[in-house]
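Report on the structure given below.
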Amino acid sequence: MKKLFGFNGLLACGLLAMLASCGNPKSTSNLVSSKTGWSYNDPNNGGFDVPLFQGQYIGPGLEFVEGGRFTMGQTEEDLTYENNNPPKTVSVSSFFMDETEVANIHYREYLFWLSRTYGNDYPEIYQKALPDTQCWRKALQYNEPQVEFYFRHAAYNYYPVVGVTWDQANAYCKWRTDRVNEMILIKLGYLKKNPYQSSEDNFDVRTYASGQYEGKAGIKKKDLNPTGSKKRNIGYEDGLLTADYRLPTEAEWEYAALGYIGQNPEPDSKNRRGEEVVVNRQVYPWKDNLSTREGINNAYQGMELANFKRGLGDVQGVAGGLNDNADIPAGIFSYKPNSYGLYNMAGNVSEWVLDVYRPSTIQDASDFRPFRGNVFKSYKTLEDYTLEEKDSLGNLQKREVTQEELAEKNTDYRGANMISYLDGDTISTAFYDYGKTTLINDQAHVYKGGSWNDRAYWMSPGTRRFLQSGQTSSSIGFRCCMDRLGSSSLKGPSGHRFEGSKKKSR
C-alpha cells in the first residue's frame, strides 16, 4: 500500500493522474451528472471540471491507523491522584501517523530551508525556529556534550529532536505540508524545481491553489470554463494535493499508541469480515500487560521494549548487560513497533499533541473526535469576496470568525475561541487563575507517553501531562499525522456494498 499511495507511487500513478487532471477526453469526457444529466468536463456545457480521482497521496514515513472506538484514559492506579484521565469510550476517525518521531536531521532540513528562504530579509524567522539546546542543562548534571552536539552532530542525525516548543512543532507541520505538496506538483510536472524561493515568493500550498503563487510553472491544467483563463493552477478539487500535516489530537495519539488492532482475534481481511471486539485493555503499546520486556520465546526474549528509567539512578543498566542500551534518547527506529507499525509510542521521548490541557470533566468528554483547542478562523477577503493578498512571508491571511457571522448558524458555540468551553471556569469564579491558583491556561498543552527520563508508569498511553506551549524539555519531541480523506478503510469506498447495488461509491 505504501508503494501505491506514497511518494514511491507518484511516478507510477503520475501519468494516469495527469491525463485525468488535464481533462483528457478519453478518461473523463463520459462523466455525466446523475442528478442533472449534464456532462462533466465539457466546455460546451459550461466546463464543470471533474477529474478522475486516483486516491489520496500519502507522503513518506506515514503509517495508516484505522480508526474506531476505544476506552480512552486511565488503565493503572492514579499514582499522582490528579484524576485527570477517567476512562471514557470515544471514537476517532482513520488517519495516518509518522512511524517515528521527527529526528534531528528532519528538523535541520527545515531550518536549512528557512535560512535559505527568509535569511536575507527575515532572519528572525530562522532564529525563532531554532530548538532550545540548553534544555539539556541541569544544575547538578554534566550535559554540555548534549548542549553542543546532540542536535547538530551527524552521530545523532536519526535521534528524535528535542527542545522544540509546541508552537515550533506546529510550524514544522505547516512547512512539511507545503514541501510535500510542492514535490507532488514537481513530480507530476505542474511545477519545476525552484531553489531560489525567497521571502513572500515561496511555495505555500494554499496560496498556490488560490492562484497567488506561480513559481517556476511547468504544464498548466486546462481551464474548461469557456469564460475562464484557459490555464489554471491545480486545486484541491483535482485530488492531487495532500491533506495537511499536523500534530495528532490527544485521543488520536492515545488510540494509535495502544494499537488495539493487534488485539483483534480475527481482523478484517480479503477473506472475512473482522470481529468487532477488543479482548483486552492494554497498559502499554505492546500486548503484554505485565512486563516491559519481550516475553516471546525467541532471540529477543527478555529485551526491553522501550527506553525508560527503571529506578532511581538506573537509566540503562550495568556494563556488559545494558538493559535498554540507551542513556538518553535512542535512535528513532529503536525497539519494537506496535501493531500499527509505530515506533517508540512509549519511552524514548514524550510527544506533543494538539490539545490544550484541562483536567477531565464530565462535560468536556465529546465521544467523537474529542479535542480541546478550537479557535475557529476564516480566510480574510476583500469587499468583492476575493482572498486578500498573501502576507510578506507568502501565507494567506486569516481572522477569527465573528459572533455576527455565527448568529444565524446552527452551532453549539457562539464565539471563535472554544478553548475554555465547558471547562468549569466562569468569569465570576476565575477557576483557572494562572500563576495564582493553577498553572493551567490556554497555553498549557498536553504531552503524552513516557521518555528516556521517566519511570514505566508514564509509558501507559492513558497518562497525560502538560507544559506551556513556549517551553521546552530534553525529554519531549513530536511526530506528525495526516487525516485520511474519504473512506475509513484502505480496502475501498466507505460503507458496505451489497450484491445487486446499482452503483459503486465514487
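The values are calculated or read from the model by the stated rules, or taken from the named source; none is laboratory data. For clarity, every value in this text was computed on a predicted model and none was experimentally measured. Cβ sites come from the backbone with ideal geometry, for glycine too, and all protein chains shown count toward neighbours.
Things to note:
- Qualifying residue in the range 230-237 (condition: farther than 24 Å from MET459 by Cα, of a type in the set (A, V, I, L, M), under 22 Å from the mean Cα position of the chain (by Cα) and modelled with pLDDT of 85 or more): no
- Verdict on SER229 being assigned to a loop (DSSP other than H, G, I, E, B), surrounded by fewer than 18 Cβ atoms within 10 Å (Cβ to Cβ), small (Gly, Ala, Ser) and not assigned by TED's automatic domain parsing to the domain that holds PHE466: yes
- Check on THR386, loosely packed, with under 13 Cβ neighbours inside 10 Å and under 25 Å from LEU354 (Cα atoms): no
- Qualifying residues in the range 371-423 (those that are aromatic (Phe, Trp, Tyr) and modelled with pLDDT under 90) - the one nearest to HIS445 (Cα to Cα): TYR421
- The listed residue being touching a Gly at 6+ places or on another chain (Cβ under 8 Å), in the same structural domain as GLU101 (by TED's automatic domain parsing), surrounded by fewer than 24 Cβ atoms within 10 Å (Cβ to Cβ) and not basic (Lys, Arg), out of GLN443, GLN468: GLN443
- Summed over the range 145-174, residues that are without any contact (Cβ under 8 Å) to a residue 12 or more places away in the chain and either aromatic (Phe, Trp, Tyr) or under 16 Å from LEU111 (Cα atoms) (or both) total 3.
- The condition (being closer than 30 Å to ASP201 by Cβ, part of a loop (DSSP other than H, G, I, E, B) and out of contact with any His (no Cβ under 8 Å at 6 or more places or on another chain)) is satisfied by just one residue among ILE58, ILE105, ILE125: ILE58.
- Test: ILE184 is modelled with pLDDT of 95 or more and either of a type in the set (Val, Ile, Thr) or under 20 Å from PRO51 (Cα atoms) (or both): yes
- Residue in the range 447-466 that is farthest from ALA346 (Cα to Cα), counting only those that are in contact with a strand residue (DSSP E or B) (Cβ under 6 Å, 6 or more places away or on another chain) and not basic (Lys, Arg): PHE466
- TRP253 passes every criterion in (1) under 25 Å from the mean Cα position of the chain (by Cα); (2) assigned to a loop (DSSP other than H, G, I, E, B) apart from (2).
- Matching option when the condition is in contact (Cβ under 8 Å) with a residue 40 or more places away in the chain and either charged (D, E, K, R) or over 27 Å from TRP352 (Cα atoms) (or both), among ASN233, ASN297: ASN233
Table: residues versus (1) surrounded by fewer than 18 Cβ atoms within 10 Å (Cβ to Cβ); (2) in contact with a Ser or Thr (Cβ under 9 Å, 6 or more places away or on another chain); (3) under 30 Å from PRO43 (Cα atoms).
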| position | (1), (2), (3) |
| --- | --- |
| ALA154 | yes, no, no |
| TYR172 | no, no, no |
| LEU188 | no, yes, yes |
| LYS193 | yes, no, no |
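- One residue stands out in the range 286-308 among those that are charged (D, E, K, R) and over 20 Å from TRP253 (Cβ atoms): the one that is surrounded by the most Cβ atoms within 10 Å (Cβ to Cβ), namely GLU304.
- From VAL279, VAL318, VAL283, residue being in contact with a helix residue (DSSP H, G or I) (Cβ under 9 Å, 6 or more places away or on another chain) and surrounded by fewer than 17 Cβ atoms within 10 Å (Cβ to Cβ): VAL279
- Scanning the range 128-169 for residues that are among the basic types (Lys, Arg) and in a loop (DSSP other than H, G, I, E, B), we see that the one that is nearest to ASN202 (Cα to Cα) is ARG152.
- For ARG246, the test of being of a type in the set (D, E, K, R), touching a Phe, Trp or Tyr at 6+ places or on another chain (Cβ under 9 Å) and touching a residue at least 60 places away in the same chain (Cβ under 8 Å) is failed.
- Inspection of the range 452-459 identifies no residue that is buried (at least 20 other Cβ atoms within 10 Å of the Cβ), in contact (Cβ under 8 Å) with a residue 40 or more places away in the chain and among the basic types (Lys, Arg).
- Residue match in the range 129-139 (condition: without any contact (Cβ under 8 Å) to a residue 24 or more places away in the chain and within 30 Å of SER198 (Cβ to Cβ)): yes
- Some residue of the range 50-70 being assigned by TED's automatic domain parsing to the domain that holds GLY341, farther than 22 Å from MET482 by Cα and not aliphatic (A, V, I, L, M): no
- Within the set PHE96, PHE53, the sole residue that is within 13 Å of the chain's Cα centre (by Cα) and either within 19 Å of THR242 (Cα to Cα) or in a loop (DSSP other than H, G, I, E, B) (or both) turns out to be PHE96.
- Test: residue in the range 160-174 that is assigned by TED's automatic domain parsing to the domain that holds LEU62 and touching a Cys at 6+ places or on another chain (Cβ under 6 Å): yes
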